[in-house]
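Taking it in order: structure first as C-alpha cells, then the write-up.
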Amino acid sequence: MKYLYCIFLVPLFISFDVAPLGKSTEEINWMTWDEMVKANSQKEKKIIVDVFTDWCSWCKVMDKQTFANDTITRYINEHFYAVKLNAEQKERIQWAGQEFKWVANGQNGIHTLAYALCDGKMSYPSLVYLNEKLERITISKGFKDVPSLLVELKFAVEEQYLENSRSGTSTLTPIMDGRQ
C-alpha cells in the first residue's frame, strides 16, 4: 500500500513548476527602441538600455542570472522602460529626426544608435541609463551581478546623479550632442 502512495504522489510533486530560489516567475518587459519612445511619450519613466551582441557570453549570463532575478525583474518593470538593443542589428531606427542604421565595421559591423548611446566606446554588455527626457544619466560597462545592478538601478531611480549637478558638475548628457 505504501508503494501505491509513492507511485501516485511522486508524479504530483514533479508536475508542479516551481521557480528556483531567486529566479523570477515573471519577466522583464523588454521593448524595442520605438516601443519605448511611444510608451515614454504617454507616461514618462527612466529608461535602461541593454546594449548587447548575439556572440557576447557575458550578455547571456546576465540574461540568465541577473535579469532573471525576482527583485531585479520587479524593480525594472516598476521603475523603467527596458530596451534590448543589439549593437549589431541591421534594422534601421528613426528617432529625433535621424536615421540610425548598421554600418560595416570589422567582422560584424555596428548599429549607430548603440554607438551614440555608448559614446563610441563599445563594450558588451553595456547598460545605458536615460532619464525621462532621454538624456543619458550614465553608461555602465560589463557584467553585473544582482547586488551591483540593484545599486545602479537605485542610483538612477533615486536621482543620486543629481547630487553632482547641484555642485555644478552635471552628469546628464544628451545622446547626440544636443541635436535631438
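The values are calculated or read from the model by the stated rules, or taken from the named source; none is laboratory data. If you're wondering where the values come from, they're calculated on a predicted model, not measured in any experiment. As a convention, Cβ positions derive from the backbone with ideal geometry for all residues, glycine included, and neighbour counts pool all protein chains shown.
For region 126-148, enumerate the residues that are part of a loop (DSSP other than H, G, I, E, B) and closer than 22 Å to residue 71 by Cα. Break it down into steps so the answer makes sense when it comes.
Filtering region 126-148 for residues part of a loop (DSSP other than H, G, I, E, B) gives 131-134, 142-145.
131, 142, 143, 144, 145 - these are the residues of region 126-148 that are part of a loop (DSSP other than H, G, I, E, B) and closer than 22 Å to residue 71 by Cα.
Do any helices (runs of 4 or more DSSP H) lying entirely in region 26-109 carry at least 3 residues that are within 17 Å of the chain's Cα centre (by Cα) and crowded, with 18+ Cβ neighbours inside 10 Å, and which ones are they?
Working: elements: 33-42, 57-61, 70-79.
Filter on region 26-109 gives 33-42, 70-79.
Kindly list the number of the only condition in (1) in contact (Cβ under 8 Å) with a residue 12 or more places away in the chain; (2) farther than 13 Å from residue 149 by Cα that fails for residue 68.
Unmet condition: (2).
When region 98-116 is examined, which residues are found to be more than 20 Å from residue 57 (Cα to Cα) and touching a residue at least 60 places away in the same chain (Cβ under 8 Å)?
Within region 98-116, 98, 113, 116 qualify.
To keep it simple, each residue is scored yes or no on (1) modelled with pLDDT under 95; (2) small (Gly, Ala, Ser); (3) surrounded by fewer than 15 Cβ atoms within 10 Å (Cβ to Cβ); (4) closer than 19 Å to residue 60 by Cα.
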{"site": "126", "(1), (2), (3), (4)": "no, yes, no, yes"}
{"site": "132", "(1), (2), (3), (4)": "no, no, yes, no"}
{"site": "153", "(1), (2), (3), (4)": "no, no, no, no"}
{"site": "161", "(1), (2), (3), (4)": "yes, no, no, no"}
{"site": "175", "(1), (2), (3), (4)": "yes, no, no, no"}
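If you go through region 57-67, how many residues are out of contact with any Leu (no Cβ under 9 Å at 6 or more places or on another chain) and either within 19 Å of residue 32 (Cα to Cα) or of a type in the set (D, E, K, R) (or both)? Steps first, answer last, please.
To start, the set of residues in region 57-67 that are out of contact with any Leu (no Cβ under 9 Å at 6 or more places or on another chain) comprises 57-61, 63-65.
With the extra rule that they be either within 19 Å of residue 32 (Cα to Cα) or of a type in the set (D, E, K, R) (or both), the set shrinks to 59-60, 63-64.
Final tally of qualifying residues: 4.
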